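Visitor: Got a structure for you, questions after.
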Amino acid sequence: MYKSIGWELGLPTERNRASAFRAIRTEITRLTLETGQRPVLIIDEAHHLRNEILEDLRLLTNYRMDSENRLCLLLVGLTELRRRLAMAVHESLAQRIVVRYHLTGLTREEVSEYLTHRLRLVGCELPLFEPPAIEAIFQDTQGRVRKINTLAHYALTSGAIDKAKTITAEHVRMAREEITP
């Protein structure tokens, strides 16, 4: 992990973990004091991190007995991450977390708006998804964005194969069958 962080900070590769840790801490301090920048470390899929890595992150965020906050750490992951951080072994790291936010699934209306937005991003202004198709996507995905993306992609493919002008609930059903073994 230190190699990746050091590389992102533009640091030369260090031979061992201790040297890499010191170099990263020094660079974070330099960025904060000399340029006024506060580095942000974003880790996606953080629920997969090993305990040793979580401890390394705790050490990276520990500055002068926490009187200074020089590194902004953003951990993104599934609900399992919250459970892991609640474990006694991670208490010190959990105490450093200032904000916790749990994303819920999108509402029906938000699913419709999200699909419209995604279509606009690729230059499509037409309402491609019929209301029953949007409802089917909402029901099948429970509003989870990643699942919406996958199901909508397969539904669009199904509609394209049929040369359909709009995506129907039947296209969504066929997409669901394609995705689910």
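The values are calculated or read from the model by the stated rules, or taken from the named source; none is laboratory data. Predicted model, so just to flag it, every value in this text is computed and none were measured. Reconstructed Cβ throughout: ideal geometry from the backbone, glycine too, with neighbour counts over all protein chains shown.
Visitor: Within the bounds of the stretch 154-162, is there any residue that is within 20 Å of the chain's Cα centre (by Cα) and either under 30 Å from LEU54 (Cβ atoms) or without any contact (Cβ under 8 Å) to a residue 40 or more places away in the chain (or both)? Write out each step before concluding.
Guide: Step one: of the stretch 154-162, the residues within 20 Å of the chain's Cα centre (by Cα) are none.
No; the residues of the stretch 154-162 include none that is within 20 Å of the chain's Cα centre (by Cα) and either under 30 Å from LEU54 (Cβ atoms) or without any contact (Cβ under 8 Å) to a residue 40 or more places away in the chain (or both).
Visitor: Assuming GLY105 fulfils every condition listed in (1) surrounded by 14 or more Cβ atoms within 10 Å (Cβ to Cβ); (2) modelled with pLDDT of 95 or more; (3) under 25 Å from the mean Cα position of the chain (by Cα); (4) not charged (D, E, K, R) apart from one, which condition is it?
Guide: (2)
Visitor: Also, I was wondering about something else. Within the bounds of the stretch 135-153, is there any residue that is of a type in the set (Gly, Ala, Ser), part of a helix (DSSP H, G or I), outside the structural domain of THR35 (by TED's automatic domain parsing) and within 21 Å of the chain's Cα centre (by Cα)?
Guide: Step one: list which residues in the stretch 135-153 are of a type in the set (Gly, Ala, Ser), which gives 136, 143, 152.
Going one step further and asking which of them are part of a helix (DSSP H, G or I), we end up with 136, 152.
From the residues that got through so far, the ones that are outside the structural domain of THR35 (by TED's automatic domain parsing) too are 136, 152.
Restricting the remaining residues to those that are within 21 Å of the chain's Cα centre (by Cα) gives 152.
Yes, the conditions are met somewhere in the stretch 135-153.
Visitor: May I pose another question? Name the residue that is modelled with the lowest pLDDT, counting only residues in the stretch 75-96 that are assigned to a loop (DSSP other than H, G, I, E, B) and loosely packed, with under 13 Cβ neighbours inside 10 Å. Walk me through how you get there before you give the answer.
Guide: Narrowing the stretch 75-96 to residues assigned to a loop (DSSP other than H, G, I, E, B): 76-78, 86-87.
Adding the requirement that they be loosely packed, with under 13 Cβ neighbours inside 10 Å leaves 78, 86-87.
Values: LEU78: 88, ALA86: 94, MET87: 94.
Looking at residues that are assigned to a loop (DSSP other than H, G, I, E, B) and loosely packed, with under 13 Cβ neighbours inside 10 Å, I get LEU78.
Visitor: Further, regarding this structure: Collect the residues in the stretch 2-30 that are in a loop (DSSP other than H, G, I, E, B) and either exposed (fewer than 11 other Cβ atoms within 10 Å of the Cβ) or not assigned by TED's automatic domain parsing to the domain that holds GLU68 (or both), keeping them in residue-number order. Talk me through it step by step, then tell me what you get.
Guide: Going residue by residue through the stretch 2-30, those that are in a loop (DSSP other than H, G, I, E, B) are 9-16.
The answer is GLY10, PRO12, ARG15, ASN16.
Visitor: Any residue that is closer than 30 Å to LEU49 by Cα, free of Cβ contacts under 8 Å to residues at least 24 places away in the same chain and either outside the structural domain of THR32 (by TED's automatic domain parsing) or small (Gly, Ala, Ser) (or both) - is there at least one of those in the stretch 84-93?
Guide: Yes, the stretch 84-93 contains a residue that is closer than 30 Å to LEU49 by Cα, free of Cβ contacts under 8 Å to residues at least 24 places away in the same chain and either outside the structural domain of THR32 (by TED's automatic domain parsing) or small (Gly, Ala, Ser) (or both).
Visitor: Then there is this: Just wondering, is there one or more residues in the stretch 42-49 that are of a type outside the set (A, V, I, L, M), buried (at least 16 other Cβ atoms within 10 Å of the Cβ) and either part of a helix (DSSP H, G or I) or free of Cβ contacts under 8 Å to residues at least 24 places away in the same chain (or both)? Before the answer, list the steps.
Guide: So in the stretch 42-49, the residues of a type outside the set (A, V, I, L, M) come out as 44-45, 47-48.
From what is left, the residues that are buried (at least 16 other Cβ atoms within 10 Å of the Cβ) are 47.
The next check asks that each one be either part of a helix (DSSP H, G or I) or free of Cβ contacts under 8 Å to residues at least 24 places away in the same chain (or both); those that pass are 47.
So far as the stretch 42-49 goes, yes, one or more of its residues are of a type outside the set (A, V, I, L, M), buried (at least 16 other Cβ atoms within 10 Å of the Cβ) and either part of a helix (DSSP H, G or I) or free of Cβ contacts under 8 Å to residues at least 24 places away in the same chain (or both).
Visitor: Which is exposed (fewer than 12 other Cβ atoms within 10 Å of the Cβ) and either part of a loop (DSSP other than H, G, I, E, B) or over 19 Å from the mean Cα position of the chain (by Cα) (or both), of GLU178, GLU125, GLU170? I'd like the intermediate steps shown before the answer.
Guide: Details: GLU178 fails: exposed (fewer than 12 other Cβ atoms within 10 Å of the Cβ); GLU170 fails: exposed (fewer than 12 other Cβ atoms within 10 Å of the Cβ).
Going through GLU178, GLU125, GLU170 in turn, the sole match is GLU125.
Visitor: Is it the case that the stretch 109-126 has a residue that's at pLDDT below 95 and among the charged types (D, E, K, R)?
Guide: There is at least one residue in the stretch 109-126 that is at pLDDT below 95 and among the charged types (D, E, K, R).
Visitor: Moving to a separate point now. Quick one: in the stretch 128-181, which of the residues that are among the β-branched types (Val, Ile, Thr) and closer than 19 Å to LEU103 by Cβ is modelled with the lowest pLDDT?
Guide: Filtering the stretch 128-181 for residues among the β-branched types (Val, Ile, Thr) gives 134, 137, 141, 145, 148, 150, 157, 161, 166-168, 172, 179-180.
If we keep only those that are closer than 19 Å to LEU103 by Cβ too, we end up with 137, 141, 145, 148, 150.
Details: ILE137: 98, THR141: 97, VAL145: 94, ILE148: 98, THR150: 97.
Filtering first and then ranking leaves VAL145.
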